[in-house]
Structures are given as structure tokens and as C-alpha cells.
Amino acid sequence: MPKILQLTTEQIRILRKEARDKYPVEACALLFGRLAEEKAVVIKIVIVPNILHSATRFQVDPQLVFDSFECADDDGLQFIGLFHSHPAPHSPSAMDLRYMRLWGDAVWLILSSTDDSMAAFQMVKGKVRRIRVNIE
Ligand SMILES: [Zn+2]
């Protein structure tokens with residue numbers, strides 16, 4: 001279980017731009033890279049449409065998720081987690097918590113479009129814990 005989620009400033013710029021472009025609809029992306037004991041390093045970001053076009057919920061096309069997983073696998077990358085934005089604080093919503101249970105070990109990176117703050121979370125044994133976000 002990683003304690004640190006590492007992204008580059010360029011990746012953060014891409015995510016912030018996507019959140020701004022889609023505002024107030026929640027923007028979403030899949031994060032792939034290398035998962036080690038301590039650190040999850042993001043190498044590839046796949047922007048995916050929020051098929052609900054909602055400001056309070058997001059959903060991604062399952063076929064697109066499947067294809068992205070296959071493509072990342074071909075590149076030797078592992079699935080790290082999901083990014084999405086909130087036109088609200090960055091804490092996981094009740095809906096997020098429900099889905100976090102379904103996504104297993106996935107790291108959830110949430111950006112608040114209101115103040116541009118970001119936080120990462122992971123659900124471990126039914127409990128949400130915070131993961132440090134490292135930008136370099
Ligand atoms: Zn959310």
C-alpha cells in the first residue's frame with residue numbers, strides 16, 4: 001500500500017486544466033504508472049469523459065476503462081487510481097466512498113476546483129486513509 005502518490009508538475013498542470021475546462025462538471029482521469037511498496041509514481045494520465053455530465057457525481061465508460069487498462073498493461077504500467085474534480089471541497093463524497101469500496105486498492109486523487117487544492121485517499125479494510133501527494 002503506497003504512502004506517497006508522486007506526480008510531475010506537468011501532470012498536475014494537465015489535471016488542473018481538465019478540471020477548469022469541465023467545470024462545474026466533475027472531470028475525471030485514470031492514473032497509471034509504477035506501484036512500489038512506499039510510492040506510487042504516476043507515468044500516464046488518461047483523461048476520460050464523465051458520462052453523467054454531473055457536478056456532484058462521475059462515471060466513466062466501462063469499455064474505455066477496460067481499453068485503457070489493456071493499453072497501460074501493454075506499456076508495462078500498473079493501474080494506480082482515479083482522478084476527479086469537485087466543484088466543492090476535496091474530501092470524498094458519500095458516493096465516492098461507496099465506489100472506493102468497489103475499486104479495491106485504487107488511490108483516489110481529488111481536486112477541489114474551488115481552491116485548486118488536491119488530496120489523495122485510499123480505502124484500506126473499509127477505512128479511508130490519506131496519502132501524501134508529492135509533486136516534483
Ligand atoms: Zn467525488
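General remarks:
- Listed by chain and number, the aspartates and glutamates placed with their C-alpha closer than 12 angstrom to that of Lys44 are Glu10, Asp73, Asp75; residues fewer than eight positions away on the same chain are left out.
- Net dipole in debye of the chain [+1 Lys, Arg Cβ; -1 Asp, Glu Cβ; about Cα centre; nearest 20]: 640
- Accessible surface area normalised per residue over the chain is 53 Å², counting heavy atoms of protein chains with a 1.4 Å rolling probe.
- Pair Asp116, Ser91: separation of 7 Å Cα→Cβ label points (nm): 2.4
- Directionally averaged shadow of the chain, computed from the convex hull of its alpha-carbon atoms, nm²: 7.3
- Surface composition of the chain: carbon plus sulfur atoms contribute 54% of the solvent-accessible area (1.4 Å probe, protein chains only, all chains present).
- Note on Glu136 and Asp67: the extension gain reaches 22.0 nm, defined as 0.36 nm multiplied by sequence separation minus the Cα-Cα distance.
- Cα gyration tensor shape of segment 36-79, rounded if a/c is under 1.5, else prolate or oblate by comparing a/b with b/c: oblate
- Members of Lys22/Lys125; Lys17/Lys127; Lys3/Lys127; Lys22/Lys127 lying beyond 26 Å, as alpha-carbon distances in this model show: Lys22/Lys125; Lys17/Lys127; Lys22/Lys127
- Listed residues Ala72, Ala36, Ala27, most fluctuating in the chain (Gaussian network, C-alpha, under 10 Å): Ala36
- Dipole orientation for segment 3-136: of the candidates Gln11, Val107, Asn50, Val107 has the Cα lying most toward the positive pole (charges on Cβ; Lys, Arg +1; Asp, Glu -1).
- Under the criterion of Cα pairs below 8 Å and six or more residues apart, the relative contact order for the chain equals 27 percent.
- Cut-off 15 Å, label 7 Å out along Cα→Cβ of Lys127, residues of segment 1-44 by amide N: none
- Taking the chain as a Gaussian network of alpha-carbon nodes connected by springs under 10 Å, the highest mean-square fluctuation of the residues Ile45, Ile80, Ile110 belongs to Ile45.
The values are calculated or read from the model by the stated rules, or taken from the named source; none is laboratory data. Just so you know, these numbers come straight off a predicted model, no measurement behind them. Cβ atoms come from the backbone with ideal geometry, glycine included; neighbour counts cover every protein chain shown. Remember, those area values only see protein heavy atoms, side chains included, never the ligands or the DNA or RNA. Shrake-Rupley method; radii C 1.70, N 1.55, O 1.52, S 1.80 Å.
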